[in-house]
1. Within region 83-138, track down each residue that is farther than 30 Å from Arg244 by Cβ, polar (S, T, N, Q) and surrounded by fewer than 18 Cβ atoms within 10 Å (Cβ to Cβ).
2. In region 164-178, how many residues are assigned to a loop (DSSP other than H, G, I, E, B) and in contact (Cβ under 8 Å) with a residue 60 or more places away in the chain?
3. Quick one: how many residues across region 244-280 are within 17 Å of Ala212 (Cα to Cα), not in a loop (DSSP other than H, G, I, E, B) and not acidic (Asp, Glu)?
4. Hey, can you tell me all the residues within region 314-370 that are open to solvent by 40 Å² or more (accessible area, probe 1.4 Å) and at positive phi?
5. Please work out which residue is farthest from Leu13 (Cα to Cα), limiting yourself to region 207-225 and to residues that are of a type in the set (Phe, Trp, Tyr) and open to solvent by 10 Å² or more (accessible area, probe 1.4 Å).
6. Are there any pairs with C-beta distances below 7 angstrom linking a residue in region 110-131 that is at negative phi to a residue that is surrounded by fewer than 12 Cβ atoms within 10 Å (Cβ to Cβ) and part of a strand (DSSP E or B), with the two at least 6 apart or on different chains, and if so which?
7. Which one of these is crowded, with 16+ Cβ neighbours inside 10 Å and of a type in the set (Lys, Arg): Arg249, Arg244?
Amino acid sequence: LYQHGGLVVRTTLDLDWQGHAECAVERHLTDLQTGEIGLGHNVNNAALVALDPSNHQILALVGSPDYFDAFNGGAINMALAPRQPGSALKPILYANAMDPSRAPEGDSPWTTATMMLDVSTAFVTHDGKAYTPANYDREEHGPVLLREALASSLNIPAVIALNHIGMAGLFEQATAHGITTLQDPEQYDLSLALGGGAVRLLELTAAYGVFANGGYRVNPFSILEVHDLQGEVLYTAPSISNRRVLDERVAWLISDILSDNDARRIGFGPHSALRIDRPAAVKTGTTSNFHDNWTVGYTPELVVGVWVGNTSYEPMRDVNGLTGAAPIWHQFIRTVLTGLPPQPFVQPEGLIQEEVCFLSGLLPTPACPYRRLE
């Protein structure tokens, strides 16, 4: 190649991190394919994206575990292939409901203390049909505050939230975060709150970067520079734009909720793979047909998204976001951040902490013995 010319391409990828990503994917897929009793879970593919939310650089990217595995579609880059995200869209949905600039006229934005009824509710879709969502555990948890509803990924409150902001509100928020695959709000109904539309892993990971960096749009890229053998620069990555797409207070509140291990006890218990050795905000997603598992999580300096499933859309067996994608996320992010000091999510100015009644989310009266700060 060098005898006949050629180009030198400098990328953003960290070779060590890329190796760790490939290792984490391969290791957990092997565990899933074997299973505890040797039956396996019918899982053959996974993808991972890691990026820096401050400079938008892609630091590691695994499109599939084996490019040459034609039987399982290994040549398809699943970091770019649209798939249904399950509950992984919920933080974007709640961010819209909590944003003061997007609250309907005469209405107040929701807060972490907004009380929501997690009880069986029938909604009417735009085609006039009844839609009654159910939680993943098939249980109802009564009145819950928004903090628990999002952190524990309760489905019924999420549909209530989408019904509150409207389909246009979710599309506006998702588009602002960089998701391009949701085109026409009229094509969807309230099931979109639970992942009824397809997104790309790369775009969804960048969308979470908005929460990690305090509300700025993330446009991920992987090529820093291209030059020929004479040193002439043919391409240089454009400067990143600092375009605010979300109120920094809302970005922090979403991070605070998704990093609250107590708030996610209802859905995930106290000792899940979502916990690492430092503050980290994280969300899982599982489609109802078990075609797709997701885990997207971040620290202030790193966002990592993982998808697990089958390229052929064949359903997995007994695998969800917590057991499918989360262990890969957990292994990778802990490995690459080893030795680096933990960074907190720094609370911005403009937030007020108040004591609320845990049952209603309102300011407590003397009759309320259940109180906490929100």
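1. Ser120, Thr121, Thr125, Thr132
2. 1
3. 10
4. Of everything in region 314-370, those that are open to solvent by 40 Å² or more (accessible area, probe 1.4 Å) and at positive phi turn out to be Asp318, Gly339, Gly350.
5. Within region 207-225, the first condition is being of a type in the set (Phe, Trp, Tyr), and the residues that meet it are 208, 211, 216, 221.
Keeping just the survivors that are open to solvent by 10 Å² or more (accessible area, probe 1.4 Å) gives 216, 221.
Details: Tyr216: 22, Phe221: 10 Å.
Top of the filtered list is Tyr216.
6. If the second residue must be surrounded by fewer than 12 Cβ atoms within 10 Å (Cβ to Cβ) and part of a strand (DSSP E or B), the pairs left are Asp118/Gly142; Val119/Gly142; Ala122/Ala130; Val124/Ala130.
7. Of Arg249, Arg244, the one residue that is crowded, with 16+ Cβ neighbours inside 10 Å and of a type in the set (Lys, Arg) is Arg249.
The values are calculated or read from the model by the stated rules, or taken from the named source; none is laboratory data. The structure presented is a predicted model; accordingly, all values stated were derived computationally and were not measured. Here the Cβ is made from the backbone with ideal geometry for all residues, glycine too, and neighbour counts use every protein chain on show. Protein only, heavy atoms only, side chains kept; ligands, DNA and RNA dropped before computing areas. Shrake-Rupley method; radii C 1.70, N 1.55, O 1.52, S 1.80 Å.
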